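Contents: one structure, followed by commentary.
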Amino acid sequence: MLSSMRSFVLITGATGGLGKAFAAECAARGWDLFLTDLSESRLALLAVGLSRLHNVEVKYRACNLADPAAREEFLKSLETAGLQFHFLINNAGLDFEGPFAERTPEELATVVRLNVEATVAITRWVLRLRDQARTFRILNVSSLAGFYPMPVKAVYAASKRFLLQFSLALHCELRGDDITVTALCPAGMPSNPGVIRSINAQGFMGRVTAKNVGFVAAKAIDRALAGRAVYIPGLLNLFLSRLGSLVPSSVAAALINRRWRETSKRCTPSN
Amino acid sequence: MEHVGARREKTENTTGKNTTGKTAVITGATSGIGLAALKELAGLGFRVIGVGRAAKRCAEAEASIRSEMPGARVDYLVADLSSQRQVRDLAAAISRLLETENGGCLDLLVNNAGTVSSWYVTTEDGYEMQFAVNHLAPFLLTRELLPLLNKAGFARVITTSSGSHYNTRMNWRDVMYRRGYNCLLAYKQSKLANVLFTSEFNRRQGPGSRIRAYAVDPGLVNTGIGEKGTNGFVCWFWRIRRQRGVAPEIAARTIIHLATTPGLEDPEAVYWKDCRPKRPSGYSQREDAGRRLWELSERLTS
Ligand SMILES: NC(=O)c1ccc[n+]([C@@H]2O[C@H](COP(=O)([O-])OP(=O)(O)OC[C@H]3O[C@@H](n4cnc5c(N)ncnc54)[C@H](OP(=O)(O)O)[C@@H]3O)[C@@H](O)[C@H]2O)c1
């Protein structure tokens, strides 16, 4: 019987800062979880911790989602296990920061493979495994960077732009099938010591645009449940994103370029 | 109850306290109050094991103590106490170390490591950072070291709490403060948990127990605690506020007093400040809250 079967929330990039916050938030809502990320041992610790705290079932499987073969095997395993899902959080994403010309081709390809290709493939696959008895929710983690062309983060920002457009389109397209699609566009979030350092290095702007991950995760889930298309945490960030559509892209790119150069100058001596 | 930890040989030292041959573990011993307490105890002849999260700071602290006090018996162990796995590994390492030295006997555990975080940060176990480091780690470490503490003639478990524990309650609906995270509220709760834990520990041990737990209120102390995991405002505020605090050496005195005084004036008192018992908050003495926190902590560290 389909209706008596458990149904899970699939969270990718689950052991990262925002991923852990999503996992904790979903577990607190009493949802059973299926987590994935690179490290099996980190997934195991998180699974144990969350199931103790919230009495939910937490399954997991490690996978390098940027590797197409591994990804396919992972997705097939979900099907073979006979799992069904009512929520998908496409949170896995990465960036290798720094000038384009200094990145290796492999690094650049990895950003596209994970942020773009994996999200598309997983979304397609998991739709087939949806719990028919419930509304299906998809939450895609884009970024405030999705609103601007961003020098020094060119590939990353473009991939986040892709996710934003992809979400907005699916949001309309799938509405009739009882599926909601929400794009989350956060600014930098202080989710681990490394990020906290870099936010502090960005000075005032870094600090005021940063929002607590626990809050962002909770609100993002609220917005997804409400069927909203986009969620931008923080008023100032909302303003900045609107600015993105008013200011011509070329001007925005030039401004951001200048800001990044100043920031990296400020960072270098202390590093 | 007689509070004389003098099963082993006594010798007089400069402060007139009898401590030689005793063993102590102190967490958060790479800076602030913990470092000051460790130095003092080492000077009194304790065999001390300091715990820190950064290998480099541990090595530096160990080296500086050895050069200041060539006769000191000190070792540092590295453990990030936000990780339960590392707390367990730490307890195992302490057991191994002491097993070869004195048959695995521990007289004093000082749960002093503490952290402040402006941000909601999740540990590898999925718990909020301040709750994990400030409360769950002391809970777990104490329980893991119980077999060693039980071997001492009279053992003490001292946890560095704070005046922040007043005027607050446990946020049972969301102990991790996941939703409305507030740095100060989460910190206050974790320090309240220290007193609840201490009182409940003593209740569970029962009268006549040879292990006794104490919570210490160090007062306002001039350390870097408020600058490490914080952002602009909290960081700036603490930089100004800490100037009014006492030196860590002075704050450490209460820990030393509890660790070394054979006949405490009030051995039953749970909460101590300036080497004297002080009344903790009413909430911290509630048995239902103590039991509930204990059961939750057991579940979260099982
Ligand atoms: N300062 C005050 O006014 C005040 C007032 C009331 C209570 N307290 C309490 O006193 C205790 C000591 O604080 P302090 O003022 O001496 O601060 P501190 O100088 O920052 O010392 C805290 C110690 O804990 C260590 N630590 C932090 N997070 C850790 C982790 N995850 N794993 C392992 N070790 C960790 C620190 O290591 P690092 O050296 O690597 O940072 C440091 O050794 C805390 O429990 C605090 O809550 C302080």
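The values are calculated or read from the model by the stated rules, or taken from the named source; none is laboratory data. Here the structure is a predicted model, which means the values were calculated and not measured. A quick note on method: Cβ atoms are made from the backbone with ideal geometry, for glycine too, and the neighbour counts reach across all protein chains shown. What goes into the accessible areas is simple: the full protein's heavy atoms, side chains included, and nothing from ligands, DNA or RNA. Shrake-Rupley method; radii C 1.70, N 1.55, O 1.52, S 1.80 Å.
Given the pairs B:Lys188/B:Lys278; B:Lys191/B:Lys278; B:Lys56/B:Lys273; B:Lys39/B:Lys191; A:Lys20/A:Lys219, which span a C-alpha to C-alpha distance of over 21 angstrom in this model?
From B:Lys188/B:Lys278; B:Lys191/B:Lys278; B:Lys56/B:Lys273; B:Lys39/B:Lys191; A:Lys20/A:Lys219, over 21 Å: B:Lys56/B:Lys273; B:Lys39/B:Lys191.
Using modelled amide H (1.01 Å from N, peptide plane; none on Pro or chain starts), what sits under 5 Å from the amide H of B:Asn231, excluding residues fewer than 5 places away?
Here the answer is B:Ser118, since their amide H atoms fall under 5 Å of that of B:Asn231.
Looking only at other chains, what is the average number of their beta-carbon atoms within 10 angstrom of each beta-carbon in A:46-54?
5
Hey, for a label at B:Lys228 modelled as a point 7 Å past Cα toward Cβ, could you say which residues of the stretch B:155-169 have their backbone N under 18 Å away?
Hits in the stretch B:155-169 for B:Lys228 at 18 Å: B:159-164.
Go through B:Tyr187, B:Ser161, B:Asn171 and say which Cα lies farthest out towards the positive end of the charge dipole of the stretch B:152-204; charges sit on Cβ, +1 for Lys and Arg, -1 for Asp and Glu.
Result: B:Asn171, furthest along the dipole toward the positive end.
Which whole number gives the average count of other chain Cβ atoms within 10 Å of the Cβ atoms across peptide B:124-130?
6
Mind putting a number on the dipole of chain B about its Cα centre? Charges go on the C-beta only, +1 for Lys and Arg and -1 for Asp and Glu, and I need it in Debye to the nearest 20.
Dipole about the Cα centre, nearest 20: 500 debye.
When the helix-only estimate is applied to the protein assembly as shown (DSSP H runs of n ≥ 4, each -39,500 (n - 2.57), divided by the residue count), what is the mean residue ellipticity at 222 nm, nearest 500 deg cm²/dmol?
-14500 deg cm²/dmol
Using each residue's phi in the stretch A:168-174, evaluate 6.51 cos²θ - 1.76 cosθ + 1.60 at θ = phi - 60° and report the 3J(HN,Hα) Karplus result to the nearest Hz, with x for Gly and Pro.
Result, rounded to whole Hz: 4, 5, 5, 3, 6, 4, 9.
DSSP loop chymotrypsin sites (Phe, Trp or Tyr not before Pro) in the stretch A:130-161 with at most 10 other Cβ atoms within 10 Å of their Cβ, which ones?
Taking the stretch A:130-161 and a limit of 10 other Cβ atoms within 10 Å, no loop chymotrypsin sites (Phe, Trp or Tyr not before Pro) are found.
Given R₀ = 41 Å, what would the calculated FRET efficiency be for A:Asp222 paired with A:Ala101, taking r from the Cβ atoms and rounding to 0.05?
Step by step, r from the Cβ atoms, then E = 0.45.
With labels modelled as points extended 7 Å from the Cα through the Cβ direction, what inter-label distance (nm, one decimal) is found for A:Val48 paired with B:Arg85?
Result for the modelled spin labels: 0.9 nm.
With the other protein chains left in place, how much accessible area per residue, in square angstrom, belongs to the stretch B:2-300 at a 1.4 angstrom probe?
About 40 Å² of surface per residue is accessible.
Using 0.36 nm per residue of separation minus the Cα-Cα distance, give me the extension gain between A:Asn257 and A:Gln165 in nm, one decimal.
Extra length available between A:Asn257 and A:Gln165 comes to 30.8 nm.
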